[in-house]
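The values are calculated or read from the model by the stated rules, or taken from the named source; none is laboratory data. As the structure is a prediction and not an experimental result, all values here were calculated from the model. All Cβ positions, glycine included, derive from the backbone under ideal geometry; neighbour counts span all protein chains shown. For accessibility, only protein heavy atoms count, side chains too; no ligands or nucleic acids. Shrake-Rupley method; radii C 1.70, N 1.55, O 1.52, S 1.80 Å.
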Amino acid sequence: MNKDDLKDRTKKFALEIITLVDTFPKNNVGFVIGKQLIRSATSVGANYRSACRAKSRADFIAKLGTVEEESDETIYWLEIVLDANIADFEKTKKLLKEANELTAIFTKSKITAKTKERK
């Protein structure tokens with residue numbers, strides 16, 4: 001998967017999260033969890049784009065660390081959505097699977113970049 005594919009994938013993921021959050025109950029729980037989930041999910045793609053413009057390998061690794069953190073935070077919020085039964089179970093499970101896959105990709109990319117930096 002190249003950078004442009006991953007940029008598109010993270011953007012699509014963010015848009016799907018926005019669509020999911022739009023179905024949340026219109027109460028404090030829905031608003032608070034929805035806001036947190038949208039912030040972390042949209043941050044994944046935004047910070048990945050920033051990492052792609054890194055000025056050095058060290059800068060890339062640092063920015064990728066932020067992407068990894070935001071992706072993992074998104075997993076947390078999706079788990080909360082599931083456990084609290086806030087949204088459609090199947091749609092949420094699908095997005096949780098994607099969040100886990102993205103996190104794995106970013107984790108592996110960071111490890112690879114660190115390995116190359118040491119050489």
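Brief remarks on what is shown
- Whenever a residue of segment 90-119 is of a type in the set (A, V, I, L, M, F, W, C), its partners that are open to solvent by 80 Å² or more (accessible area, probe 1.4 Å) and not in a helix (DSSP H, G or I), lying with C-beta atoms within less than 9 angstrom and at least six residues away or across chains, give the pairs 105/1.
Here is a yes/no grid of residues against (1) polar (S, T, N, Q); (2) in contact with a strand residue (DSSP E or B) (Cβ under 8 Å, 6 or more places away or on another chain); (3) modelled with pLDDT of 95 or more; (4) within 18 Å of residue 11 (Cα to Cα):
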| residue | (1), (2), (3), (4) |
| --- | --- |
| 23 | yes, no, yes, no |
| 30 | no, no, yes, no |
| 40 | yes, no, yes, yes |
| 46 | no, no, yes, yes |
| 74 | yes, no, yes, yes |
| 80 | no, no, yes, no |
| 118 | no, no, no, no |
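- Pairs are defined by a Cβ separation below 6 Å, a sequence spacing of at least 6 or placement on different chains, a first member in segment 42-53 that is assigned to a helix (DSSP H, G or I), and a second member that is polar (S, T, N, Q); the pairs so defined are 44/10; 44/71; 45/10; 47/66; 48/10.
- Residue that is nearest to residue 44 (Cα to Cα) [pool: residues in segment 61-89 that are without any contact (Cβ under 8 Å) to a residue 60 or more places away in the chain and of a type in the set (Asp, Glu)]: 70
- Yes/no for residue 46 being surrounded by 13 or more Cβ atoms within 10 Å (Cβ to Cβ), under 23 Å from residue 1 (Cβ atoms) and of a type in the set (A, V, I, L, M): yes
Residues checked against (1) under 26 Å from residue 24 (Cβ atoms); (2) open to solvent by 20 Å² or more (accessible area, probe 1.4 Å):
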position: 52; (1), (2): no, yes
position: 56; (1), (2): no, yes
position: 60; (1), (2): no, yes
position: 71; (1), (2): yes, no
position: 75; (1), (2): yes, no
position: 82; (1), (2): yes, yes
position: 87; (1), (2): yes, no
position: 94; (1), (2): yes, yes
